[in-house]
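Worksheet: the structure to be examined is printed underneath.
Just so it is clear, none of the values below were taken in a lab; they were calculated from the coordinates. This structure is a prediction, so every number in the text was calculated from the model and none was measured. Here the Cβ positions follow ideal geometry from the backbone for every residue, glycine too, while neighbour counts run over all protein chains shown.
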Amino acid sequence: MGKRSRRRKDDDEGPVERPPAVDALLGFDRPAPRDEDAELGGAEAPGARRDRAAPSGDGAASDEASPPGELAAPGDPPAPAKGADRPSPAARHPAPDSRLREVAYLVEEADHLLHLYRWVMLTGDVPRAQDWLKREDWPHPDHVIDSFGSWQKFLTHAGVSDSPLLARLREAKAAAKDLAAREKAQAKEAARTDDLRRQVENAKQRREEADALRAQQAARGDRAERALTAAEERAAAAEARLAARREEAQAAASAITAPDAPITALQDELEAIRAHREELLTQLEELREAGARDQRTIARLSTHLAEAGAAPAAPAAVAPDPDAPPTSVLEAVERVTARSEHLVFTASATASAADSPYRRPAEILDALEKLDGLAGRYAAGEMGVSLTQAATEAGLTYKGNVSELARSRNPHDYAVTHDGHRLDLGPHVALGSGSGAGFIARIYLHVADGSGPVPRGIYVGHVGRHLPDTTT
């Protein structure tokens, strides 16, 4: 259908009255217009015009020419000469019927409504003007607006906005969306349950491994104690034999200047036994310390197992795996303290590490190992760049100092004692993100240049919680 410029002049959204042309086509009779309506300028019926245009009975009056001197209206055909034949009324062109135009308008509106109802049945939703804009198989929105005045009037006239069918369809879509959300939540909860189950199984496996390792350590300790007892007995017997031999040697040959070979051999044997005894004592101490660390590890494993839903087992000693990630900040500090070559740890560092609840102790271990390498370069004077730049290149978030305001407000928090000397803390490494001691941690240092009471090097004064400053 072509575009036409006709809009509804009224804004009433109620029922639309049928045009007279439609009533005429459908056979409904309408009362004829009154005379006063015609006098006020009402349109004259086409039939009346045709009746007046018809000639009278004998056609004599119509055959007369216009009176002389009377001007013809513009556009009227020239009056025929008197006596000439005039054209019959049938030869004139018939007037256009306005009813056909009204019917065309109604057909166009009905076609738009048909497409609207077809769209609703196919898509289950009320269309927007943009939905029909680029679709050749649907009417152009401009044509619809020309017919109804606006897109909203079009939808209101069709009555689809308050359709019970669309309301039930929207309720069904909302119910489906809610059901999908519940299914997603259930799937998430199931995944969380599976994860907790795996954590419980891993904790049980680690506890069994710890129990087996504890039994092995206990057996090794028993063997070491028996070996130590045997070594002490051999040492006592060797000392007794050596004393007896010395007495015999002194009584038999006091003048002999050269040492007796058997006595020298016994002395060598005694020294070897004493060295073996010291070695066994050292091993025993190491085993006892390892047993204490294993007991702490078992206690932590039991706590994790209890939190995961299983009953904790009795603490047992287990030797920590040096390649396994540390389970606490204290364990990370102890590992680096045991194998550090350049980094110096104060007693305050160990105490603060034991109090830290930081959840990622492996990051503490990695940062301390990197600081140990930087401490070796700094002590040897082989930095080449500033300590801040070197730490940044090593992947550390290093701060050269704290604000003087924080230091003045909390002087005791930023000072530790090492070998009887006071060390001021300032440079630090930042770890983690967020808020709370479980998510952020700090490693506070004292960088000595050798001019103070302690040798040149890097000293660890605090590991764990963020010390108070202007941000806390």
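Here are the numbers:
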item	result
Karplus-derived 3J(HN,Hα), 6.51/-1.76/1.60, for each residue of the range 283-292, Hz, glycine and proline x	4, 5, 5, 5, 5, 5, 5, 4, x, 5
Globularity index of the range 168-305, i.e. its alpha-carbon radius of gyration over 2.2 N^0.38 Å	2.40
In nm, spacing of pseudo-spin labels at D419 and A354 (7 Å Cα→C-beta vector)	2.3
Residues L169 and I145, FRET efficiency given R0 of 25 Å [Cβ-Cβ distance, rounded to 0.05]	0.40
Cα centroid separation - the range 103-117 against the range 390-427, whole Å	83
Two-site FRET efficiency, Q250 against A324, from Cβ-Cβ distance with R₀ of 51 Å, rounded to 0.05	0.25
Two-site FRET efficiency, E225 against A191, from Cβ-Cβ distance with R₀ of 60 Å, rounded to 0.05	0.75
Translational diffusion coefficient (Stokes-Einstein; Kirkwood radius from C-alpha pairs) of the range 148-223 at 37 °C, 0.692 mPa s, in µm²/s	177
Cβ charges +1 (Lys, Arg) and -1 (Asp, Glu), total dipole of the range 206-308, debye	360
Burial order of peptide ranges 430-438, 182-190 (average beta-carbon count within 10 Å, highest first)	430-438, 182-190
Spacing of the two label points (7 Å from each Cα toward its C-beta) at E341 and R128, in nm	6.9
Peptide ranges 390-398, 326-334, 238-246 listed from the most packed, as the mean C-beta count within 10 angstrom indicates	326-334, 390-398, 238-246
Principal axis dimensions, the range 329-464 - Cα atoms, whole angstrom, descending	37, 31, 27
Alpha carbon centroid spacing (whole Å) that separates the range 324-358 from the range 443-472	15
For peptides 346-356, 211-221, sequence by mean Cβ density within 10 Å, most packed first	346-356, 211-221
Label-point separation, E369 to R135 (7 Å along Cα→Cβ), nm	6.4
